[in-house]
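Below is one structure, written out as structure tokens, with a few remarks after it.
The values are calculated or read from the model by the stated rules, or taken from the named source; none is laboratory data. Every value quoted in this text rests on a predicted model; they were computed, and no experiment measured them. Note that we place each Cβ from the backbone using ideal geometry, even for glycine, and neighbour counts take in every protein chain shown.
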Amino acid sequence: MDDSFKLISTAVLANDWGKLTKYEFDLLHSDGVWRRQTREVYDRGNGATCLLYNPDRQTVLLTRQFRLPAFINGNVPSLVETPAGLLEGAAPEERMRAELMEETGFQVSNLSHLFDIYMSPGSVSEYLAFFYGTYTDGDRVGEGGGTLEEGEDIGVMEIDLDAALAMIDSGEIRDGKTVILLQHLALKLLRA
């Protein structure tokens, strides 16, 4: 641990799908004074996400699914997203390949790891491993749509890249990981 952090106590508030823990700690501030703070941290494990791009058609594969927190917070019936999932003990690339098959039905040969990002570091411990890959029609080996055992009902969408970028501006795409990956691809293509 860092010399500027002293853990005082922890209390598990909930431990179901994820674990919610209340932490009390002392933190040494830049002015040299130790200050006591209390924070709650939600831990559900780390995850991975991937944007698949077809350079010949300039399309991307996205998914659409119901997300309870978005529905409760804004009455959003479904979110358009890049495929993603929790690592559940697997290596990020291995887990991402499994998620791509489950959600989209595509099995691709090459995935590139781009970066790891904490998406909501003020309250959630999870980081996401971000991947990029290319696909062709021949890479489709299944239906996708998610797994019923996990309560998933995922729609697969093949969208023109420019249309997907416009969906960010219109508010049709509101998912942070998806915005990051689409904009990363757009910047990459601009520099090519």
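In the range 79-138, how many residues are part of a loop (DSSP other than H, G, I, E, B), more than 11 Å from the chain's Cα centre (by Cα) and under 16 Å from L185 (Cβ atoms)?
Result for the range 79-138: 3.
What number goes with the only condition from (1) over 30 Å from A192 (Cβ atoms); (2) surrounded by 12 or more Cβ atoms within 10 Å (Cβ to Cβ); (3) over 14 Å from the mean Cα position of the chain (by Cα) that N54 does not pass?
Only one criterion is unmet by N54, namely (1).
Could you please find all residues in the range 173-192 being surrounded by 15 or more Cβ atoms within 10 Å (Cβ to Cβ) and outside any helix (DSSP H, G or I)?
Of everything in the range 173-192, those that are surrounded by 15 or more Cβ atoms within 10 Å (Cβ to Cβ) and outside any helix (DSSP H, G or I) turn out to be I173, R174, D175.
Give the residues of the range 1-60 that are more than 30 Å from S112 (Cβ to Cβ), assigned to a strand (DSSP E or B) and aliphatic (A, V, I, L, M), sorted by residue number.
Correct list: L7, I8, A11, V12, L13, A14, L20, L27, L28, V41.
Looking at V80, is it over 20 Å from R44 (Cα atoms) and either modelled with pLDDT of 95 or more or in contact with a His (Cβ under 7 Å, 6 or more places away or on another chain) (or both)?
Numbers: over 20 Å from R44 (Cα atoms): yes; either modelled with pLDDT of 95 or more or in contact with a His (Cβ under 7 Å, 6 or more places away or on another chain) (or both): yes.
It is true that V80 is over 20 Å from R44 (Cα atoms) and either modelled with pLDDT of 95 or more or in contact with a His (Cβ under 7 Å, 6 or more places away or on another chain) (or both).
Can you tell me which residue in the range 92-135 is surrounded by the fewest Cβ atoms within 10 Å (Cβ to Cβ), limited to those that are hydrophobic (A, V, I, L, M, F, W, C) and more than 24 Å from R57 (Cβ to Cβ)? Before the answer, list the steps.
Pass one, the range 92-135, residues hydrophobic (A, V, I, L, M, F, W, C): 96, 98, 100-101, 106, 108, 111, 114-115, 117, 119, 124, 128-131.
Filter once more, keeping what is more than 24 Å from R57 (Cβ to Cβ): 98, 115, 117, 119, 124, 128-129.
Values: A98: 15, F115: 11, I117: 15, M119: 14, V124: 14, L128: 23, A129: 21.
Filtering the range 92-135 for residues that are hydrophobic (A, V, I, L, M, F, W, C) and more than 24 Å from R57 (Cβ to Cβ), the one surrounded by the fewest Cβ atoms within 10 Å (Cβ to Cβ) comes out as F115.
Pairs needed: first member in the range 25-51, free of Cβ contacts under 8 Å to residues at least 12 places away in the same chain; second member anywhere, assigned to a strand (DSSP E or B) and not acidic (D, E); C-beta distance under 6 Å; at least 6 residues apart or different chains.
Listed by first residue and then by second, the contacts come to H29/R35; R35/L27.
Out of the range 12-64, which residues are among the hydroxyl-bearing types (S, T, Y) and touching a helix residue (DSSP H, G or I) at 6+ places or on another chain (Cβ under 7 Å)? Please lay out each step first, then the result.
As a first pass, look at the range 12-64 and keep what is among the hydroxyl-bearing types (S, T, Y): 21, 23, 30, 38, 42, 49, 53, 59, 63.
T49, Y53, T59, T63, listed by residue number.
Test of understanding: among D43, D56, which residue is modelled with pLDDT of 95 or more, in contact with a Gly (Cβ under 7 Å, 6 or more places away or on another chain) and of a type in the set (D, E)? So that I can check it myself, show each step before the final result.
On the way: D56 fails: in contact with a Gly (Cβ under 7 Å, 6 or more places away or on another chain).
Only one candidate passes the filter, namely D43.
Mind telling me which of the residues Y118, Y127 ends up being closer than 25 Å to A14 by Cα, out of contact with any Ser or Thr (no Cβ under 9 Å at 6 or more places or on another chain) and among the aromatic types (F, W, Y)? Steps first, answer last, please.
On the way: Y118 fails: out of contact with any Ser or Thr (no Cβ under 9 Å at 6 or more places or on another chain).
After ruling out the rest, the residue left standing is Y127.
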